[in-house]
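Chemist: I'd like to ask some things about the structure below.
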Amino acid sequence: MKKESLSDALGNVDGRFAEESAPKKTNKRKWWHLTSAVAAMMAVIIGVGAVFGTQKGAMIVAEAHAIVEANYPETVKYPKNVDRFGFPDGDYHAWRNAKDENAKYYGAGKTLDSFIGKTAAEFLGDAEGKNRIYSPINVYMALCMLAEITGGSSRAQILDLIGAKDIDALREQAYSVWRANYSDDGAVTSILANSLWLDGGINYNEQTLKKVAESYFASSYSGEMGSAEYTEMLKSWLSKQTGGLLDDMIDDIELSPETVIALASTIYFRAKWESEFSKIDTKQAIFHGANGDDEVDFMNQNIWYGQYYYGEKFSATSKSLEGSGEMYFILPDEGVDVEELFSDSEALAFISRSKNETPSKEIRINLSVPKFDVDSKIDLAKGLCELGVTDVFDLGKSDFTPLTTDTKAYVSKAEHGARVAIDEEGVIAAAYTALVMVGAAEPPQDEIDFVLDRPFIFVLTGIDGLPLFIGVVNTVKDDYDELDRLTQNLPSRPGHNDILCDVT
């Protein structure tokens with residue numbers, strides 16, 4: 001298959017949602033186009049390096065091609081047209097039925113609470129005054145694929161971290177989590193994509209590749225490791241799957257001649273607030289950041305019946321997203337460091353979505369939250385080793401025999417990049433978490449000013465409540481022109497927010 005036809009496959013297999021004309025790379029951040037809504041994305045790459053001195057096979061593959069292609073579920077689009085009363089046309093019922101049918105997968109992620117808590121604590125608990133973002137679902141899907149292509153104690157360590165009793169249970173769990181959080185219907189954009197990039201000179205177990213495609217919706221490609229062409233194809237796939245939002249982060253990814261396999265997983269999320277902030281209420285105020293005070297734009301809104309949560313060391317509230325989940329804002333109490341919440345058992349349980357265990361009250365909330373655009377890049381290797389996943393990084397202990405017996409391999413690079421931004425119309429995201437606990441605090445009376453003017457945590461959930469992104473905001477940048485471009489063309493249901501036009 002020639003480069004052009006593979007490029008077509010890359011756009012059609014995993015990225016049917018992505019436009020072929022991905023944004024061109026320019027200066028840093030200048031390609032962000034968000035003007036008012038929500039976009040979130042994140043990518044994880046796990047590279048598996050070959051043992052030096054091991055023969056990779058005599059065949060040299062000059063051109064890349066798809067070996068196994070994932071079949072995405074059919075999506076019923078939200079009706080674009082509305083009648084004169086503002087109601088959607090007859091296709092609405094087909095869309096509604098499809099949503100109801102997919103709802104049977106909701107709740108599958110409840111078994112991931114422990115995984116989310118442990119990994120969030122590990123990856124977010126030492127931000128050291130910097131912004132740090134982590135996507136639990138993205139790292140989860142990458143680890144699921146890694147478990148599928150490994151065996152022995154290498155697989156057992158991953159299953160233990162994820163909380164799956166065996167590989168069959170993992171396949172069922174991962175499939176349901178993927179289906180529950182995948183949407184490309186024009187009303188909500190929540191795209192999950194996975195892929196394996198293989199060395200064309202090595203024989204791979206085709207049954208394993210088929211299982212990866214069936215359970216994790218991952219396509220597999222084969223090509224010449226070390227070639228600039230193959231590396232650019234991987235970068236192109238990553239760029240398309242994340243809408244071009246992470247191009248700066250993926251720029252240094254390389255498939256070296258020693259690489260046996262690269263594993264890639266992405267999430268791309270866009271949605272609007274259910275109740276948008278009014279731009280006329282956006283005012284400048286001081287954000288007391290970890291590295292000093294900055295005057296930034298704060299979005300303000302009075303919520304008459306908001307849910308206010310109060311823990312021993314924190315308080316929290318949330319805003320709903322149209323047709324999707326919520327974004328929770330978690331503010332440490334005065335004198336409590338934001339990273340400390342990741343070692344507090346009560347706060348960590350809240351972050352992991354056990355909201356029902358935290359005292360709450362429905363009151364009037366005067367919400368004030370800064371517009372922000374935060375990103376980070378994390379080396380996952382050390383954290384995964386701390387969490388018990390060690391064998392895949394050890395040449396003498398790693399076991400990739402379910403995928404190939406041609407060569408010995410080990411994970412040489414584990415990388416996670418993410419980005420989140422919010423403005424008056426919506427949100428953009430990518431993320432990581434920690435652990436501790438003490439007694440119960442007294443609830444407020446009937447009204448609270450909830451002002452996020454110092455370092456805070458956010459949790460962005462999907463439609464079934466699973467945290468898609470978790471982040472620590474220690475600093476806020478005053479760069480609103482780029483924020484305003486980010487929310488252009490966000491998905492929205494006709495009839496909501498006074499929009500009765502085509503959904504893009």
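Chemist: Taking the criterion of being part of a strand (DSSP E or B), touching a helix residue (DSSP H, G or I) at 6+ places or on another chain (Cβ under 9 Å), at negative phi and buried (at least 16 other Cβ atoms within 10 Å of the Cβ), would at least one residue in the stretch 241-255 satisfy it?
Modeler: No; the residues of the stretch 241-255 include none that is part of a strand (DSSP E or B), touching a helix residue (DSSP H, G or I) at 6+ places or on another chain (Cβ under 9 Å), at negative phi and buried (at least 16 other Cβ atoms within 10 Å of the Cβ).
Chemist: Select from the stretch 256-273 the residues that are in a strand (DSSP E or B) and among the aliphatic types (A, V, I, L, M) and write down the one among them that is farthest from T150 (Cα to Cα).
Modeler: I267
Chemist: Please state which one of S345, S352 is among the hydroxyl-bearing types (S, T, Y) and within 21 Å of the chain's Cα centre (by Cα).
Modeler: Step by step, each of S345, S352 is checked, and only S352 is among the hydroxyl-bearing types (S, T, Y) and within 21 Å of the chain's Cα centre (by Cα).
Chemist: Sticking with this structure for a sec: Out of L245, L263, which single residue is under 26 Å from I137 (Cβ atoms), of a type outside the set (D, E) and modelled with pLDDT of 85 or more?
Modeler: Checking each option against the conditions leaves just L263.
Chemist: Is it the case that some residue within the stretch 378-401 is among the β-branched types (V, I, T) and over 26 Å from the mean Cα position of the chain (by Cα)?
Modeler: yes
Chemist: Further question: Would you point out the residue of the stretch 404-416, among those that are touching a strand residue (DSSP E or B) at 6+ places or on another chain (Cβ under 7 Å) and either part of a loop (DSSP other than H, G, I, E, B) or of a type in the set (K, R) (or both), that is farthest from I470 (Cα to Cα)?
Modeler: Among those residues, the one meeting the criterion is T407.
Chemist: Could you pull out every one of the helices (runs of 4 or more DSSP H) wholly within the stretch 85-175 that has 1 or more residues that are surrounded by fewer than 17 Cβ atoms within 10 Å (Cβ to Cβ)?
Modeler: By residue number, 91-102, 113-124, 152-162.
Chemist: Within the stretch 107-131, how many residues are at pLDDT 90 or above and within 14 Å of A180 (Cα to Cα)?
Modeler: The total comes to 1.
Chemist: Identify the residue in the stretch 417-437 that is within 23 Å of A349 (Cα to Cα) and not in a loop (DSSP other than H, G, I, E, B) and, among all such residues, is modelled with the highest pLDDT.
Modeler: A418
Chemist: Which condition breaks for M233 when tested against (1) out of contact with any Leu (no Cβ under 7 Å at 6 or more places or on another chain); (2) modelled with pLDDT of 90 or more; (3) in a helix (DSSP H, G or I)?
Modeler: (1)
Chemist: Please work out which one of (1) in contact with a Leu (Cβ under 6 Å, 6 or more places away or on another chain); (2) closer than 27 Å to W273 by Cβ; (3) modelled with pLDDT under 90 is the condition Y182 fails and give its number.
Modeler: Y182 satisfies every listed condition except (3).
Chemist: Taking S219 as the residue in question, decide whether it is assigned to a strand (DSSP E or B), in contact (Cβ under 8 Å) with a residue 24 or more places away in the chain, under 22 Å from the mean Cα position of the chain (by Cα) and over 30 Å from K80 (Cβ atoms).
Modeler: No, not satisfied.
Chemist: Conditions: (1) at pLDDT 70 or above; (2) in a strand (DSSP E or B); (3) more than 22 Å from K130 (Cα to Cα). F450 meets all but one. Number of the miss?
Modeler: For F450, the failing item is (1).
Chemist: If we keep just the residues of the stretch 273-316 that are of a type in the set (S, T, Y) and either farther than 26 Å from G462 by Cβ or touching a helix residue (DSSP H, G or I) at 6+ places or on another chain (Cβ under 8 Å) (or both), which is surrounded by the fewest Cβ atoms within 10 Å (Cβ to Cβ)?
Modeler: S278
Chemist: Which one of S324, S318 is more than 17 Å from V476 (Cβ to Cβ), part of a strand (DSSP E or B) and not β-branched (V, I, T)?
Modeler: Just one listed residue meets the conditions, S318.
Chemist: So, one more: With the requirement that a residue be crowded, with 20+ Cβ neighbours inside 10 Å and either farther than 17 Å from D252 by Cβ or in contact with a helix residue (DSSP H, G or I) (Cβ under 6 Å, 6 or more places away or on another chain) (or both), what does the stretch 225-240 give you?
Modeler: Scanning the stretch 225-240 gives W237, L238, S239, K240.
Chemist: When only residues in the stretch 374-416 that are in contact with a Phe, Trp or Tyr (Cβ under 8 Å, 6 or more places away or on another chain) and closer than 30 Å to A187 by Cβ count, which is modelled with the highest pLDDT?
Modeler: Checking each candidate, the answer is H416.
Chemist: Among the residues of the stretch 340-359, is there at least one that is part of a strand (DSSP E or B), modelled with pLDDT of 90 or more and closer than 30 Å to T189 by Cβ?
Modeler: No.
Chemist: For the stretch 139-167, which positions are touching a Ser or Thr at 6+ places or on another chain (Cβ under 7 Å) and more than 23 Å from A409 (Cβ to Cβ)?
Modeler: Within the stretch 139-167, G163 is the sole residue that qualifies.
Chemist: Would you point out the residue of the stretch 376-387, among those that are of a type in the set (A, V, I, L, M) and in a helix (DSSP H, G or I), that is surrounded by the fewest Cβ atoms within 10 Å (Cβ to Cβ)?
Modeler: Of the residues in the stretch 376-387, the ones of a type in the set (A, V, I, L, M) are 378, 380-381, 384, 387.
Those left that are additionally in a helix (DSSP H, G or I): 380-381, 384.
Values: L380: 25, A381: 18, L384: 25.
Filtering first and then ranking leaves A381.
Chemist: With (1) at pLDDT below 90; (2) of a type outside the set (S, T, Y); (3) buried (at least 20 other Cβ atoms within 10 Å of the Cβ) as the list, and V212 as the residue in question, which single condition is left unmet?
Modeler: (1)
Chemist: Provide a single number: the residues in the stretch 332-375 that are buried (at least 18 other Cβ atoms within 10 Å of the Cβ) and at positive phi.
Modeler: Count: 1.
The values are calculated or read from the model by the stated rules, or taken from the named source; none is laboratory data. Quick caveat: nothing in here was measured; it's all calculated off a predicted structure. Here the Cβ is made from the backbone with ideal geometry for all residues, glycine too, and neighbour counts use every protein chain on show.
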